[in-house]
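The values are calculated or read from the model by the stated rules, or taken from the named source; none is laboratory data. If you're wondering where the values come from, they're calculated on a predicted model, not measured in any experiment. Neighbour counts are summed over all protein chains in view; Cβ atoms, including those assigned to glycine, are modelled from backbone coordinates with ideal geometry. Note: accessible area is taken over every heavy atom of the protein model, side chains too, but ligands, DNA and RNA are not part of it. Shrake-Rupley method; radii C 1.70, N 1.55, O 1.52, S 1.80 Å.
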Amino acid sequence: MKLLSYTAMGERPRARRLGVLINNNGTGDTIGDVRAGYARMLAESGDTQAEDVAQLRIGPESTALLTAGPAAMDAARAGAAYLEKQAAHLDARGLNDEPLFTPLADAVLFAPLNPSKVIAAGRNYRAHHAEMSDSPQPFALPTTWFKGSSAIVGPHDDIVKPAACKMMDYETEMAFVIGTRCKNVPAEHAMDMVAGYTIANDVTARDVGKVERLEGNRLLGKSFDGFCPMGPCFVTADEITDPNNLAIRTRVNGDIRQDANTEEMIWKIPQIISYISQIELLPGDVVLTGSPAGVASGKDGGDDKLLKPGDILESEVIGIGTMRNHIIEDPLPPSWQWKHNT
């Protein structure tokens, strides 16, 4: 399944719900309302509490679904299968006369997950490490850090360029999603913990990060608000045959900046999980797997490639989808006087 969190255009954000991309006519340009479809399916089978059961099992985004456990995921799969069968009737309605289907073009997409934490892995592609530094790295363990939850925005949301940042960079990454509560997971069992995949961009304020590292900090440079666009969907693990063989690309204003494959990752998913699961991981937690070469701040980059207001940033992983975010100016002045700005 390819699951989204969405509203129809014009609806309030609090009305968002869980959707599934429907492959009617092979186009995948229709969203089915999973909860409404599941409720109608139950009602047609004679369940007099269909609406209540559907409301209980299926939340508005995929973290709620994963947290609710296997029964909720089974319900979502049943609802999605029912909607696929109903797709010949795109005007079909739910039990409360709500539309079962919404054209993708008429929907507002939110980040598909609301994780308790986002963990990012870095320097996980040798070519990216080489473009950023001439210093050797021991590669004794994955380089990792947290990104704040307020950094998460949707796949089509604007990304604000902070006033404090003069060097805003992009890093498109394939991300995996934890499906069950776990801790101290051996690498040989790690893939059993993966519920699926999404795309994230580890947007970075290079100059802010450089000043922070001089103090031993790693806070704002990776976690300004909006610095983790995520989506467009959560793809369940059964849809991705080999996460270590996915094409990954970044475009800025249509210009290809990053073009690589996840097979180039140094640390594979099982090794990353084995390392990070020394802290407890929860259903819906999102883990970024690192950026390939081609960033604006790399040796082949330049100031002209840094993100600026007006740019359109596209982040793509084949098999998952494409995000498209506009970069806009921060309307607020910085509250801290940064030395790199003086």
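Just to be sure, is T102 outside any strand (DSSP E or B) and of a type in the set (S, T, N, Q)? Spell out how you get there, then give the answer.
On the way: outside any strand (DSSP E or B): no; of a type in the set (S, T, N, Q): yes.
Answer is no for this residue.
Among the residues in the range 222-244, are any buried (at least 19 other Cβ atoms within 10 Å of the Cβ) and in contact with a Cys (Cβ under 9 Å, 6 or more places away or on another chain)? Even if it seems obvious, please write down each step before you answer.
Taking the range 222-244 and keeping what is buried (at least 19 other Cβ atoms within 10 Å of the Cβ), we get 222-224, 226-236, 240, 243.
Within this subset, residues satisfying the condition of being in contact with a Cys (Cβ under 9 Å, 6 or more places away or on another chain) are 222, 224.
Yes; the residues of the range 222-244 include at least one that is buried (at least 19 other Cβ atoms within 10 Å of the Cβ) and in contact with a Cys (Cβ under 9 Å, 6 or more places away or on another chain).
Residues of the range 165-183 being assigned to a loop (DSSP other than H, G, I, E, B) and farther than 18 Å from K268 by Cβ, which ones?
Listed by number, the residues that qualify are C165, K166, M167, Y170, E171, T180, R181, K183.
Take the residues of the range 148-164 that are at pLDDT 95 or above and assigned to a loop (DSSP other than H, G, I, E, B): which is nearest to P232 (Cα to Cα)?
P155
If a residue has to be of a type in the set (G, A, S) and surrounded by fewer than 19 Cβ atoms within 10 Å (Cβ to Cβ) to count, how many in the range 245-263 make the cut? Working first, answer last.
Filtering the range 245-263 down to residues of a type in the set (G, A, S) leaves 247, 254, 260.
Filter once more, keeping what is surrounded by fewer than 19 Cβ atoms within 10 Å (Cβ to Cβ): 247, 254.
Matching residues across the range 245-263 total 2.
Which one is farthest from P112 (Cα to Cα) among residues in the range 18-29 that are open to solvent by 10 Å² or more (accessible area, probe 1.4 Å) and in contact with a strand residue (DSSP E or B) (Cβ under 9 Å, 6 or more places away or on another chain)? Give the derivation first.
We begin by selecting, within the range 18-29, every residue open to solvent by 10 Å² or more (accessible area, probe 1.4 Å); these are 21, 23-29.
Within this subset, residues satisfying the condition of being in contact with a strand residue (DSSP E or B) (Cβ under 9 Å, 6 or more places away or on another chain) are 21, 23-24, 28-29.
Numbers: L21: 12, N23: 19, N24: 21, G28: 17, D29: 17 Å.
Looking at residues that are open to solvent by 10 Å² or more (accessible area, probe 1.4 Å) and in contact with a strand residue (DSSP E or B) (Cβ under 9 Å, 6 or more places away or on another chain), I get N24.
Suppose we keep only residues that are open to solvent by 40 Å² or more (accessible area, probe 1.4 Å) and under 23 Å from I279 (Cα atoms) within the range 144-158. Which one would you say is farthest from the chain's Cα centre (by Cα)? Walk me through how you get there before you give the answer.
In the first step, residues of the range 144-158 are kept if they are open to solvent by 40 Å² or more (accessible area, probe 1.4 Å); the result is 144, 146, 149-150, 156-158.
Narrowing the set further to residues that are under 23 Å from I279 (Cα atoms) leaves 144, 146, 149-150.
Numbers: T144: 17, F146: 15, S149: 12, S150: 13 Å.
The qualifying residue farthest from the chain's Cα centre (by Cα) is T144.
For residues that are more than 21 Å from S116 (Cβ to Cβ) and among the basic types (K, R), scanning just the range 46-89, find the one that is modelled with the lowest pLDDT.
The extreme case among them is K85.
Give the range 315-334 a look and list any residue that's assigned to a loop (DSSP other than H, G, I, E, B), within 23 Å of L3 (Cα to Cα) and not aliphatic (A, V, I, L, M), or say none.
The initial filter retains those residues of the range 315-334 that are assigned to a loop (DSSP other than H, G, I, E, B), namely 318-320, 330-334.
Retained after the next criterion (residues that are within 23 Å of L3 (Cα to Cα)): 318-320.
The answer is G319, and nothing else.
Restricting attention to the range 302-314, and to residues there that are in a loop (DSSP other than H, G, I, E, B) and in contact (Cβ under 8 Å) with a residue 60 or more places away in the chain, which single residue is most open to solvent (accessible area, probe 1.4 Å)?
K308
Just to be sure before I move on: is E215 over 17 Å from the mean Cα position of the chain (by Cα) and open to solvent by 30 Å² or more (accessible area, probe 1.4 Å) in the structure I sent?
Numbers: over 17 Å from the mean Cα position of the chain (by Cα): yes; open to solvent by 30 Å² or more (accessible area, probe 1.4 Å): yes.
In short, yes.
Condition first: among the polar types (S, T, N, Q), closer than 24 Å to K339 by Cα and without any contact (Cβ under 8 Å) to a residue 24 or more places away in the chain. Can you find one or more residues in the range 191-204 that meet it?
The initial filter retains those residues of the range 191-204 that are among the polar types (S, T, N, Q), namely 198, 201, 204.
Restricting the remaining residues to those that are closer than 24 Å to K339 by Cα gives 204.
Next cut, without any contact (Cβ under 8 Å) to a residue 24 or more places away in the chain only: none.
Looking for residues that are among the polar types (S, T, N, Q), closer than 24 Å to K339 by Cα and without any contact (Cβ under 8 Å) to a residue 24 or more places away in the chain, one finds none in the range 191-204, hence no.
Taking the conditions exactly as written (assigned to a strand (DSSP E or B) and either of a type outside the set (A, V, I, L, M, F, W, C) or at positive phi (or both)), does Q271 satisfy them or not? Working first, answer last.
Values: assigned to a strand (DSSP E or B): no; either of a type outside the set (A, V, I, L, M, F, W, C) or at positive phi (or both): yes.
No, not satisfied.
Testing A75 on (1) open to solvent by 10 Å² or more (accessible area, probe 1.4 Å); (2) in contact with a Phe, Trp or Tyr (Cβ under 8 Å, 6 or more places away or on another chain); (3) closer than 22 Å to D285 by Cα, one condition comes back false. Which one is that?
(1)
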